[in-house]
Amino acid sequence: MKPGFARTAWRVAREEWRALRRSQAAVAAALLLLVLTLAAIFVSLERAHAVQAERTRFQHSADEQWNSQPDRHPHRVVHYGHYVFRPLTALAFFDFGVAPFTGSTLYLEGHRQNSANFSDAGQSSLLLRFGQLTPAFVLQVLAPLLLVFLAFGALARERERGQLRLMLAHGVSGGALVAGKLAAHGVLAIALAAPALLALAAIGAAEPELGASAAWLAAGYAAYLLLWSFAAVLLSALVRKARDALLLLVAAWALAAVLLPRMLPDLAAGMVPRPTRIEMEAAIHAELARIGDSHNPDDPYFKSFRESVLQRYGVNRIEDLPVNYKGLVIEEGERLTSELFLASMQRDFALQSAQARVLDGAALAVPLLALRSMSAALADTDRSAHERFLLAGEDYRYRLIQALNRLHAEKVKYHDDRAQRLSADYWRGLPRYRHPPAALERTVTQRVLPALAILAAWLAAALLAAAWAARRLERNT
């Protein structure tokens, strides 16, 4: 590095900022992005707060309805069912991820596994599919376009005016010139993202358990915006005319930030097809038919089950059992069906993971895919978060139903089974659903570090290309 390199680069950066301040179009565009970012923050915060308040109210209402049941037969309670609602974390306001397109409510009942319902997309217009105004959307899609607009002429315009040749002739090195332009637009990128980053910092300060997630989010978005700024300055150094640089950069933005992120998920779904919900349920019913029918006393499986129960308790008739055989049969049937439900769910998750691996591979060439995966994971609004809700809901459903079946077996007499009632205190005392939190260590390992590695590799490649472009400027000018 030549003496005075840093001082020269700093002077170049200051001159670039001065030129941008003098440009009314640049100032107006920057102010518009800041207004959009602030609007996205407030709108998303209000939306997330309203959704969480609504789900909390619905969950309280569902719990009250459960507790208001009268004394009744426990199997009636099994079919009465219960609702659980998926809560949102405080970081969900930043990136709603796939949450608007997945159900937020599970209806839990015996002998069935219901899908999650009441997604925002299912209750809203098609405009939702074009993206919600969230801080993540602004930084992922709109901010790069503004950065391209601000940086496309950083060097190409000076070349057209003859200023580039003059500066090099006066001893300004190509390295200092390019470094100053990179620093100027890199600082500008962080400044434009400052409102969103400050909102993340505020969430991290208000809820310390989310502080690490907020910090990872800020690092990821800062790296992504720096990449766009550096790429714009680099292309401006390589292209002779500012107009050509702008056209190429806008085309790159349209491809990398709009078209490919929307086309590649459909391509992955075509490469790894998934069965429909109806096909999955038909397959489960076919498997249940092969296992056996608990309502048929001559069914081979449940006939064998009856013999094993009699042998276990050392009696010859089910009437002599110390427990209610009907409750045991229902309990065994629930175990078998739940195993099938869980296996079907895991197969579907495996297919979705295969689709995600296709996108992970494409993220090497489209960094926005890596950033989106990381962002939704840290906000706990990604596919894994939805799967965790489904698994937790199914686990709770199974434990709840089996607890009621155990009451049927132990508290209800076999003789005159249907006419008996149990106190409502039994089901009022059963535990309520608790949504399991995300494991941050796993999220960092599986999503954050790979995404940051991709962004870091692209940044390193951009800086190496910028060093080469600086030497090229000195040779060709």
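When Rg is the radius of gyration of the Cα atoms in the stretch 12-119 and Rh is its Kirkwood radius, what does Rg/Rh come to? The partial results should precede the final answer.
Values: Rg = 24.0 Å, Rh = 18.0 Å.
A ratio of 1.34.
Just check the chain against the gyration tensor rule for me: Cα atoms, a ≥ b ≥ c as the square roots of the eigenvalues, rounded for a/c under 1.5, and otherwise prolate or oblate depending on whether a/b exceeds b/c. Don't skip to the answer; put the middle values down first.
Values: a/c = 3.72, a/b = 2.85, b/c = 1.31.
Prolate, because a/c is 1.5 or more and a/b exceeds b/c.
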Rounded to two decimals, what ratio of Rg to Rh does the stretch 19-59 give with C-alpha atoms and a Kirkwood Rh?
-> 1.40
For the stretch 368-413 and the stretch 190-259, write down the distance between their C-alpha centroids in whole Å.
-> 35
What ranking, highest mean first, results for peptides 151-161, 253-263, 430-440 when packing means the other Cβ atoms within 10 Å averaged over each residue?
-> 151-161, 253-263, 430-440
Geometric extent, Cα atoms of the stretch 402-477 - Rg, Dmax (angstrom) | 32.7, 100
Calculate for the chain the 222 nm mean residue ellipticity that helices alone would give, adding -39,500 (n - 2.57) per DSSP H run of length 4 or more and normalising by residue count, nearest 500 deg cm²/dmol.
-> -22500 deg cm²/dmol
Return the Cα extents of the stretch 320-373 along principal axes one, two and three, sorted largest first, each rounded to a whole Å.
-> 70, 15, 9
For Lys413, which aspartates and glutamates qualify as cross-link partners when the Cα separation must be under 12 Å and same-chain residues fewer than eight apart are set aside?
-> Glu319, Asp320
Evaluated over the stretch 380-423, the Cα radius of gyration and Dmax, each in Å | 16.7, 51
Would you list which aspartates and glutamates come within 14 Å of Lys241, measuring only between C-alpha atoms, while excluding same-chain residues fewer than 8 positions from it?
-> Glu158, Glu160
What helices does the chain have that are whole DSSP H segments, at least 15 Å long along their own axis by Cα, and with mean Kyte-Doolittle hydropathy of 0.0 or more?
-> 24-67, 174-192, 194-206, 211-238, 242-253, 260-271, 277-291, 367-378, 449-476
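Taken together, the values in this text are just the output of simple stated rules run on the coordinates, not laboratory data. As the structure is a computational prediction, the values presented were derived from the model and not from experiment. Virtual Cβ from ideal backbone geometry, glycine too; neighbours counted across all protein chains shown.
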